[in-house]
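Reviewing the structure listed below.
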Amino acid sequence: MNYTAHPTAVIDEGCEIGDGTKIWHFSHIMPGCKIGKGCNIGQNVVVSPGVVLGDNVKVQNNVSIYTGVTCDDDVFLGPSCVFTNVVNPRSAIVRKNQYAATHVGKGATIGANATIVCGHNIGAYAFIGAGAVVTKDVPAYALLVGNPARQTGWMSEYGHKLKFGAEGRAICPESNEVYLLKDGRVVRE
């Protein structure tokens with residue numbers, strides 16, 4: 001065992017946990033999930049069967065990650081954010097065969113108390129603001145806020161809002177990396 005887990009955490013048999021990962025108080029890691037290297041799983045987190053978390057994923061306290069969710073490397077999941085996995089849940093109707101997949105791209109951030117409705121992809125380095133309710137696919141580098149979430153701009157890989165000039169270029173104020181906006185998409189130069 002090359003990861004650490006608080007004694008109150010429940011780690012079911014049949015899950016994979018990468019080297020250097022830390023699992024904190026009262027979290028439940030369920031069978032069949034895969035957690036990468038160097039992850040941090042905060043307290044009171046649920047990681048359901050079949051969930052895949054890449055390397056260096058940071059999961060803050062009180063997060064629910066349900067079956068059907070995959071996260072690439074370097075994803076940040078803010079406190080109390082939640083994913084769904086059924087579009088039309090009903091207590092009396094079993095819909096386990098109708099789980100809809102949600103993919104979170106490399107380096108994306110999901111803010112505190114955000115809700116990600118299942119069946120949507122969140123692009124690399126996208127930034128979902130606190131309390132947002134995501135009901136559609138999110139492009140790479142997009143900044144979304146509100147309920148329902150709407151795009152209000154673009155973010156750099158360092159988490160700064162980008163300001164594009166008339167020529168469609170923006171420079172991250174921290175990294176000095178250049179970004180290009182063309183045909184409604186952002187790419188790094």
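Output the qualifying pairs, or none if there are none: Cβ atoms under 6 angstrom, residues six or more apart or on different chains, first residue in the range 33-59 and at pLDDT 95 or above, second residue in a loop (DSSP other than H, G, I, E, B) and among the basic types (Lys, Arg).
Going by the 6 Å Cβ cut-off, the qualifying pairs are ASP55/LYS37.
For ALA130, work out the one condition from (1) part of a strand (DSSP E or B); (2) in contact (Cβ under 8 Å) with a residue 40 or more places away in the chain it doesn't fulfil.
Among (1) part of a strand (DSSP E or B); (2) in contact (Cβ under 8 Å) with a residue 40 or more places away in the chain, ALA130 violates only (1).
Across the range 166-189, what is the number of residues that are free of Cβ contacts under 8 Å to residues at least 12 places away in the same chain and in a loop (DSSP other than H, G, I, E, B)?
Going through the range 166-189 one residue at a time, the tally reaches 4.
If you check every pair at least six apart or on different chains, which have Cβ atoms under 9 Å apart with a residue in the range 16-28 that is part of a loop (DSSP other than H, G, I, E, B) first and a residue that is exposed (fewer than 15 other Cβ atoms within 10 Å of the Cβ) and hydroxyl-bearing (Ser, Thr, Tyr) second?
Matching pairs, first to second residue: GLY20/THR4; THR21/THR4; TRP24/THR8; HIS25/THR8; PHE26/THR8; SER27/THR8.
How many residues does the range 107-141 contain that are under 19 Å from SER64 (Cα atoms), surrounded by fewer than 22 Cβ atoms within 10 Å (Cβ to Cβ) and not β-branched (Val, Ile, Thr)?
Of the residues in the range 107-141, 10 are under 19 Å from SER64 (Cα atoms), surrounded by fewer than 22 Cβ atoms within 10 Å (Cβ to Cβ) and not β-branched (Val, Ile, Thr).
Take GLU174 and decide whether it is among the charged types (D, E, K, R) and modelled with pLDDT of 95 or more.
Yes.
Quickly run through the range 1-23 and pick out the residues that are within 22 Å of the chain's Cα centre (by Cα), under 16 Å from VAL52 (Cβ atoms) and of a type in the set (Gly, Ala, Ser).
Passing the criteria: only GLY18.
Do you know which of the residues in the range 31-46 that are over 18 Å from ASN2 (Cβ atoms) and touching a strand residue (DSSP E or B) at 6+ places or on another chain (Cβ under 6 Å) is surrounded by the most Cβ atoms within 10 Å (Cβ to Cβ)?
Out of the qualifying residues, it is VAL45.
Restricted to the range 142-165, and to residues that are in a loop (DSSP other than H, G, I, E, B) and among the hydrophobic types (A, V, I, L, M, F, W, C), which residue is surrounded by the most Cβ atoms within 10 Å (Cβ to Cβ)?
ALA149
When the range 90-127 is examined, which residues are found to be under 11 Å from the mean Cα position of the chain (by Cα), among the aromatic types (Phe, Trp, Tyr) and in a loop (DSSP other than H, G, I, E, B)?
Once the filter is applied, which keeps residues that are under 11 Å from the mean Cα position of the chain (by Cα), among the aromatic types (Phe, Trp, Tyr) and in a loop (DSSP other than H, G, I, E, B), the range 90-127 yields only TYR125.
The values are calculated or read from the model by the stated rules, or taken from the named source; none is laboratory data. All of these numbers come straight from a predicted model, not from anything done at the bench. Positions of Cβ are generated from backbone atoms using ideal geometry, with glycine treated the same way; all protein chains shown enter the neighbour counts.
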